[in-house]
Structures are given as structure tokens and as C-alpha cells.
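Following: one structure in C-alpha cells, then a few remarks.
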Amino acid sequence: MRPGLGRSAPVRRYAARETKPGPEVDARDHARDAVRGFLHPVGTCAIGTVVDAECRVIGVEGLRVADGSVMPTIPRVNTNLSTAAIAERVSAVIRADR
Ligand SMILES: Cc1cc2nc3c(=O)[nH]c(=O)nc-3n(C[C@H](O)[C@H](O)[C@H](O)COP(=O)(O)OP(=O)(O)OC[C@H]3O[C@@H](n4cnc5c(N)ncnc54)[C@H](O)[C@@H]3O)c2cc1C
């Protein structure tokens, strides 16, 4: 059995004691058991391909998309606030157009 993560040299000086996974559990086994995916899907209507810079659907009159799907790349932050920012921006653009 390998030493727990908390007792490994790089972490030891920061951690008084390891609570999880604990010294009796192999760190690699813990990582394999605990790893999971997390859903933050974006980009299915990406700016530059499906919509233009103001989120108008290219080739369709009077239709905009304002949600996570317009993000052209996966952001480095969680997507909820970024989605809200997109919605705020698109609503401002629409108001300005009137
Ligand atoms: C489990 C989980 C945890 C998450 N945790 C976080 C987090 O902690 N922090 C964070 O920043 N982000 C988090 N996210 C991501 C965040 O929730 C999404 O990025 C965000 O909600 C995307 O907003 P959206 O408007 O693009 O899509 P959605 O919020 O999915 O909105 C789409 C809406 O369209 C409706 N809809 C779908 N099809 C139709 C249809 N045919 N007709 C009418 N309505 C329809 C749906 O009912 C839904 O209300 C999490 C996502 C998941 C799944």
C-alpha cells in the first residue's frame, strides 16, 4: 500500500492529518473510485459558426440564441454566470437595436 496523499512529501507540510481518503486507502484506488464527470456542456450553437457576434442565428431572420450553447470554446470557469452574462449582453444589444 502506498502512503496516503496527506502523508506524501509535497502535501505533508500543509496538512495536519489526512481525513480523506485516509491512510488505509490507496490514493490511486481512491482517485479511480472518486473520479466523475461534471456536465457543463457548451458550444453547440457557437458564435462564429451558428450565430454571429450578436448571437443572431446566421441565415435565419429574427432569431437569436442566448445561452451556454453560444460559447465558442469551453470557459475556464463554471458556466452558469457566463451564461447569465451572455443573456445580459444579448438583451442589451436587443434593447439598443430598438
Ligand atoms: C449537475 C449540474 C451541476 C451544475 N453546477 C454548476 C455550478 O455549480 N456552477 C455553474 O456555474 N454551473 C453549473 N452547471 C452548469 C449550468 O447549470 C449551465 O451551464 C447553465 O444552466 C446553462 O444554461 P443554459 O441556459 O444554456 O441551459 P439550461 O439551464 O439547461 O436551460 C435550457 C432550458 O431550455 C428548456 N428546454 C429544453 N428544450 C426545450 C424545448 N424543446 N422547448 C422549450 N424549452 C426547452 C429546458 O427545460 C431548460 O429550462 C451545472 C450543470 C449541471 C447539469
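Quick notes on this structure:
- Residues located in the stretch 36-51, provided they are small (Gly, Ala, Ser) and under 8 Å from PRO72 (Cβ atoms): GLY43, ALA46, GLY48
- Listed by first and then second residue, the pairs linking a residue in the stretch 75-88 that is within 22 Å of GLU54 (Cβ to Cβ) to a residue that is among the acidic types (Asp, Glu) and within 8 Å of the ligand (Cβ to nearest atom), with Cβ atoms under 6 Å apart and 6 or more places separating them unless they lie on different chains, are THR83/ASP67.
- Residue within the stretch 72-79 that is open to solvent by less than 70 Å² (accessible area, probe 1.4 Å) and either away from the ligand (no atom under 13 Å from the Cβ) or hydrophobic (A, V, I, L, M, F, W, C) (or both) present: no
- Single condition PRO10 does not satisfy, out of (1) open to solvent by 40 Å² or more (accessible area, probe 1.4 Å); (2) within 16 Å of the ligand (Cβ to nearest atom): (2)
- All helices (runs of 4 or more DSSP H) inside the chain with 1 or more residues being among the β-branched types (Val, Ile, Thr): 9-12, 79-97
- Selected residue (criterion: farthest from the ligand (Cβ to nearest atom)) from residues of the stretch 33-61 that are at pLDDT below 95 and open to solvent by 60 Å² or more (accessible area, probe 1.4 Å): ASP33
The values are calculated or read from the model by the stated rules, or taken from the named source; none is laboratory data. These numbers were taken from a predicted model, which means no experiment stands behind them. Positions of Cβ are backbone-derived with ideal geometry, glycine not excepted, and every protein chain shown enters the neighbour counts. With ligands, DNA and RNA removed, areas are computed over all heavy atoms of the protein, side chains included. Shrake-Rupley method; radii C 1.70, N 1.55, O 1.52, S 1.80 Å.
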